[in-house]
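Peer 1: Here it is, the structure in full.
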Amino acid sequence: MLLARPAGLGSWSFIVSDGPEDVARAQVPTVFSGGGLLVRGVPFGFEAETRKRLRMAFQGVEVGAAERSGWPWFRYAVRIAGEVTDDGQPLDLTLRSGLGRSVRVDVGGERIGRIRRLGWFRRETEVDLPEELPLAVQTFLLAVVLVEWRREARRRAS
């Protein structure tokens, strides 16, 4: 299980830990800065192509994409390229939100885990996904959820 915490007060950059070890960093794209993922020292691009499509790239080549649908709760269809998975096969996942601060992660309609905030007034986030899922994929899924939570926070503030 991974734990993500903001890098600073009000920051949308998150440090991802596996136990005591920091293993990744997820930077949500904002108006002032671009996004990016750093997974065990390997940089991945992370950007919002449109309001409904997010992508992860390695050396300029798309290796993951998430398409949004649904309202008021979001749902993302996520496609991960075989270059990122351990078995070399593409992977299709679904992210589904509901009431509260928990997002369900499914493969083939079956729940494999969740991403959730640890409290109503805290931004620390638990990523509870199978260890077999590569760290880059788990970090990308976390980043997609963080984008939605940032959008939600901006809507509430306006």
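None of the figures in this text is laboratory data; all of them are computed from the coordinates on show. Note that this is a predicted model, so its numbers are computed, not measured. We place every Cβ from the backbone using ideal geometry, glycine too, and count neighbours over all the protein chains shown.
Peer 1: Along the Cα→Cβ direction, 7 angstrom out, place labels at Leu99 and Arg150. What is the inter-label distance in nm?
Peer 2: Rounded to a tenth, the inter-label distance reads 2.9 nm.
Peer 1: Projected onto the charge dipole of the chain (+1 at Lys/Arg Cβ, -1 at Asp/Glu Cβ, origin at the Cα centre), which of Ala136, Ala153, Thr125 gives the Cα projection farthest towards the positive end?
Peer 2: The listed residue farthest towards the positive side: Ala153.
Peer 1: Also, quick follow-up: Run the helix sum for the chain: -39,500 (n - 2.57) per DSSP H stretch of 4+ residues, divided by residue count, reported at 222 nm to the nearest 500 deg cm²/dmol.
Peer 2: The helix-only estimate for the chain comes to -5000 deg cm²/dmol at 222 nm.
Peer 1: Picking from Arg117, Arg40, Arg51, which is most flexible by a Gaussian network model of the chain using Cα springs under 10 Å?
Peer 2: Greatest mean-square fluctuation among the candidates belongs to Arg51.
Peer 1: Could you give the dipole magnitude of the range 74-158 about its Cα centre, charging the beta-carbon of Lys and Arg +1 and that of Asp and Glu -1, in debye to the nearest 20?
Peer 2: Here the range 74-158 has a charge dipole of around 960 debye.
Peer 1: For the chain, which longest stretch is free of loop sites, where a loop site is one of the GluC sites (Glu not before Pro) that DSSP puts outside H, G, I, E and B and that has at most 10 other Cβ atoms within 10 Å?
Peer 2: Formally, the longest exposed-site-free interval is 1-130.
Peer 1: Another question about this same structure. Please report, in debye to the nearest 20, how large the charge dipole of the chain is about its Cα centre when each Lys and Arg carries +1 at its beta carbon and each Asp and Glu carries -1 there.
Peer 2: Dipole of the chain, to the nearest 20 debye: 1140 debye.
Peer 1: Evaluate the distance, in nm, between pseudo-label points positioned 7 Å from the Cα of Arg5 and of Trp73 along their respective Cα→Cβ axes.
Peer 2: With each label point 7 Å from Cα toward Cβ, the separation is 3.0 nm.
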